[in-house]
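> Please read through the structure below; I'll follow up with questions.
The values are calculated or read from the model by the stated rules, or taken from the named source; none is laboratory data. Predicted model, so just to flag it, every value in this text is computed and none were measured. Methodologically, a virtual Cβ is constructed for each residue, glycine included, from the backbone with ideal geometry; neighbour enumeration extends over all protein chains shown. Ligands, DNA and RNA are stripped out before the accessible areas are found, and what is left, the full protein with its side chains, is counted by its heavy atoms. Shrake-Rupley method; radii C 1.70, N 1.55, O 1.52, S 1.80 Å.
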Amino acid sequence: MNHALVSLACHAYVVAALVYLVYLVRQMDALATVGRVLVGTGLALHGVALFGLFGAQGGRPVGVAQGFSTFAFLLLAIFLVVDVRYRKPVIGAFITPLAVAVLLPGLLLDRGQPLSPDVQRPLLPLHVTIALLGMAASALAAGVAGMYLLMERQVKGKRFGLLFSRLPSLEFLDTLNRRLVVVGFIALSVTLVTGAFFSSAAPGFFWTWHSKQIATLVAWGVFAALVGARSFGGWRGRRVALLTMTGFGLLLVSFLSSYDFIHVGGGWR
């Protein structure tokens with residue numbers, strides 16, 4: 001039943017992605033409304049499925065499939081909030097296809113496998129949710145950064161084509177990127193702290209120089225430097241966009257190595 005609901009949600013997201021891509025070419029208010037309704041409907045179905053799935057598992061996150069599925073859910077939830085708040089549906093043309101690409105492995109891969117007893121803690125779901133929330137905020141920030149680079153390239157090259165007339169202004173994209181990076185950085189910081197708590201449950205696992213630990217710590221350093229450079233150095237524009245995408249790339253490495261690590265008892269960081 002839960003798998004069927006996620007499948008229905010995925011279909012809604014696919015149609016929404018097509019609608020937003022059409023909106024990129026023809027910016028009609030009706031298309032934006034249809035896109036929001038489809039994403040909202042998909043999120044409702046998806047949320048019910050995830051709630052039922054985690055309830056059936058005793059509240060424990062199990063397997064890479066759920067990780068991909070939850071990541072896609074949070075990414076689209078944040079996007080919908082941003083879209084409703086700022087009325088910039090064109091962002092959906094870049095984010096909804098990404099979310100679909102993330103969700104598909106959640107439908108196709110193994111649906112679950114046991115966690116190591118060392119990390120089966122009562123607060124583990126909260127830790128995992130915060131980690132995925134940081135990933136989702138960072139993914140959206142990276143998408144916005146990519147849009148900024150596309151827009152800046154057209155401005156510098158004085159090639160004012162389709163994207164220039166459709167994408168939000170450079171100033172808006174830069175401001176939105178800053179806000180999303182701050183959300184992602186806070187979530188990542190909390191993830192590192194709570195990750196140390198879960199790792200401490202298994203002697204010898206606190207720091208093993210696993211690729212996940214290294215990637216997460218370096219990503220945290222990149223986002224910390226980015227937040228600091230914005231706040232105190234006045235950084236804006238291209239270099240901020242590039243650093244955002246670099247930080248997300250490191251988080252992606254961390255995410256993809258998460259489940260092997262947690263199943264062998266290394267904890268989630």
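> Would you mind telling me which numbered condition in (1) modelled with pLDDT under 90; (2) surrounded by 21 or more Cβ atoms within 10 Å (Cβ to Cβ) PHE197 fails?
(2)
> Please list, ordered by first then second residue, the pairs with beta carbon atoms under 6 Å, 6 or more apart or interchain, first in the stretch 67-87 and farther than 17 Å from PRO97 by Cβ, second of a type outside the set (Val, Ile, Thr) and at pLDDT below 95.
Every condition considered, the pairs that remain are THR70/LEU132.
> Can you tell me which residue is modelled with the lowest pLDDT among those in the stretch 39-54 that are open to solvent by less than 40 Å² (accessible area, probe 1.4 Å) and hydrophobic (A, V, I, L, M, F, W, C)?
Top of the filtered list is LEU50.
> Oh, and also: Just name the residue that is modelled with the lowest pLDDT out of those in the stretch 147-193 that are open to solvent by 40 Å² or more (accessible area, probe 1.4 Å), touching a helix residue (DSSP H, G or I) at 6+ places or on another chain (Cβ under 8 Å) and among the β-branched types (Val, Ile, Thr).
VAL155
> Kindly establish whether VAL19 is at pLDDT 95 or above and surrounded by 15 or more Cβ atoms within 10 Å (Cβ to Cβ).
In short, yes.
> With respect to the numbered conditions (1) in a helix (DSSP H, G or I); (2) at pLDDT below 80; (3) charged (D, E, K, R), which one is the sole condition not fulfilled by ARG269?
Looking at each condition in turn, ARG269 falls short on (1).
> Provide a single number: the residues in the stretch 72-111 that are farther than 18 Å from VAL34 by Cβ, crowded, with 22+ Cβ neighbours inside 10 Å and of a type outside the set (A, V, I, L, M, F, W, C).
1
A quick yes/no check of all residues on (1) open to solvent by 30 Å² or more (accessible area, probe 1.4 Å); (2) in contact with a Leu (Cβ under 9 Å, 6 or more places away or on another chain):
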{"position": "LEU217", "(1), (2)": "yes, yes"}
{"position": "VAL222", "(1), (2)": "no, yes"}
{"position": "ALA225", "(1), (2)": "yes, yes"}
{"position": "GLY228", "(1), (2)": "no, no"}
{"position": "SER231", "(1), (2)": "yes, no"}
{"position": "GLY237", "(1), (2)": "no, yes"}
{"position": "LEU242", "(1), (2)": "yes, yes"}
{"position": "GLY247", "(1), (2)": "no, yes"}
